[in-house]
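**Student:** The structure's right below; bear with me while I get my questions together.
The values are calculated or read from the model by the stated rules, or taken from the named source; none is laboratory data. Just so it is clear, the structure is predicted and the values come from calculations on it, not from any experiment. Please note: Cβ atoms are built from the backbone with ideal geometry, for glycine as well, and neighbour counts cover all protein chains shown.
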Amino acid sequence: MIDNNLNNTDDELSLLEVFDFFKENYRKILLSGFIGGVLGGAYAFIVPPKYQATANIQVAKVANSDVETPNILLEKLQMPMYYSQNSFVSCKVEDSIEPGNVIAKSIKPALAKNAPIISISYKAKNVEDAKKCLESVLNDIRISQNEIAKPILEQRKNQLATLKSKLESAEQITKILSSKKPNFDFSDSKFSASTLLLATTLSKENEVKDLRTQISDLEIALTEPQTKEAYLTTPIYAPNIKVEPKRSLITLGAVFGGLVLMVGYLLFRKSWIKLKEANK
């Protein structure tokens, strides 16, 4: 029972000490918060504003197949070595120690949840600079994916050339066979040859139709949108709206920081004085 009373007394003393502390120092604490707010507000107005541009990118395709998966592209965009000197200049980071690393961290690549689309964004001192940076990054993606697509595209073009060559041969043979008239007189000893000629002619005509269909399908597959380099799904979104600095948040943070710093300083000073008095 006595212990409980002692604990209650200690709690009351602690609360009284806290109350007395703030009563004695509230002017200093509030002044520190005010000064912090003024400094924070001044900083927020001095810092140059930044604008953001956002781009949504679809990977390159050959014959309606992705040249590389969006996940692979996402990983590549996080690699500093992926970006060209042109991008360093366009993003205005050429003077940085690691310009590629700056771009990789700044564009924040992300994969859309419900579509194979990569989203990237960039902040700059004006809208045009932000857009130029993203356009340059898109160009880097195109150069990289065009190199990957090159052998695939060549293979498809060779396949198309082979099909056209086969079609030309089949059409010539069909033309020759069609010029010969088969004789279906059952008493004729050449009846079997005529039957074979007809069967061969029909077979070649079917082959010609099939080859034409394959060629048509492949030609369509090798044109847009089935075959296309990396592209923007929508125009780059770059509203003329400042995204940084967030002045209200900076000011509030500075006020809070000023309050905390002053409280910390006063508590430290009080503890130091008590320690010195105890050592006397």
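**Student:** Which number in (1) among the hydrophobic types (A, V, I, L, M, F, W, C); (2) closer than 25 Å to residue 244 by Cβ; (3) surrounded by fewer than 16 Cβ atoms within 10 Å (Cβ to Cβ) marks the one condition that residue 118 misses?
**Tutor:** If we test residue 118 against (1) among the hydrophobic types (A, V, I, L, M, F, W, C); (2) closer than 25 Å to residue 244 by Cβ; (3) surrounded by fewer than 16 Cβ atoms within 10 Å (Cβ to Cβ), just (3) comes out false.
**Student:** Restricting the search to the range 66-107, which residues are among the β-branched types (Val, Ile, Thr), under 18 Å from residue 145 (Cα atoms) and more than 16 Å from the chain's Cα centre (by Cα)?
**Tutor:** Taking the range 66-107 as the starting set, the residues that turn out to be among the β-branched types (Val, Ile, Thr) are 67, 69, 72, 89, 93, 97, 102-103, 107.
Filter once more, keeping what is under 18 Å from residue 145 (Cα atoms): 67, 69, 72.
Hit for the range 66-107 is 67, nothing else.
**Student:** Okay, moving on. So which pairs qualify, if the first residue must be in the range 208-233 and more than 21 Å from residue 117 (Cα to Cα), the second must be of a type in the set (D, E, K, R), the Cβ gap must be under 7 Å, and the two must be at least 6 apart or on different chains?
**Tutor:** So the pair list comes out as 208/171; 211/166; 215/164; 218/156; 222/156.
**Student:** Something else now. So in the range 236-263, with the set limited to residues that are surrounded by 15 or more Cβ atoms within 10 Å (Cβ to Cβ), closer than 30 Å to residue 56 by Cβ and among the hydrophobic types (A, V, I, L, M, F, W, C), which one is farthest from the chain's Cα centre (by Cα)?
**Tutor:** 238
**Student:** Continuing with this model, one more query. How many residues are outside any loop (DSSP other than H, G, I, E, B) and either outside the structural domain of residue 120 (by TED's automatic domain parsing) or buried (at least 17 other Cβ atoms within 10 Å of the Cβ) (or both) if we restrict to the range 80-89?
**Tutor:** Residues in the range 80-89 being outside any loop (DSSP other than H, G, I, E, B) and either outside the structural domain of residue 120 (by TED's automatic domain parsing) or buried (at least 17 other Cβ atoms within 10 Å of the Cβ) (or both): 3 in total.
**Student:** Please count how many residues of the range 70-79 are touching a residue at least 12 places away in the same chain (Cβ under 8 Å) and either in a helix (DSSP H, G or I) or hydroxyl-bearing (Ser, Thr, Tyr) (or both).
**Tutor:** Number of matching residues: 6.
**Student:** Are any residues in the range 39-66 in a loop (DSSP other than H, G, I, E, B) and more than 27 Å from residue 228 (Cβ to Cβ), and if so, which ones? Spell out the reasoning first.
**Tutor:** Of all residues in the range 39-66, those in a loop (DSSP other than H, G, I, E, B) come to 47-49, 59-60, 63-64.
47, 48, 49, listed by residue number.
Conditions (1) surrounded by 12 or more Cβ atoms within 10 Å (Cβ to Cβ); (2) within 30 Å of residue 131 (Cβ to Cβ); (3) at pLDDT below 90, marked per residue:
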site	(1), (2), (3)
158	no, no, no
182	yes, no, yes
194	yes, no, yes
207	yes, no, yes
234	no, yes, no
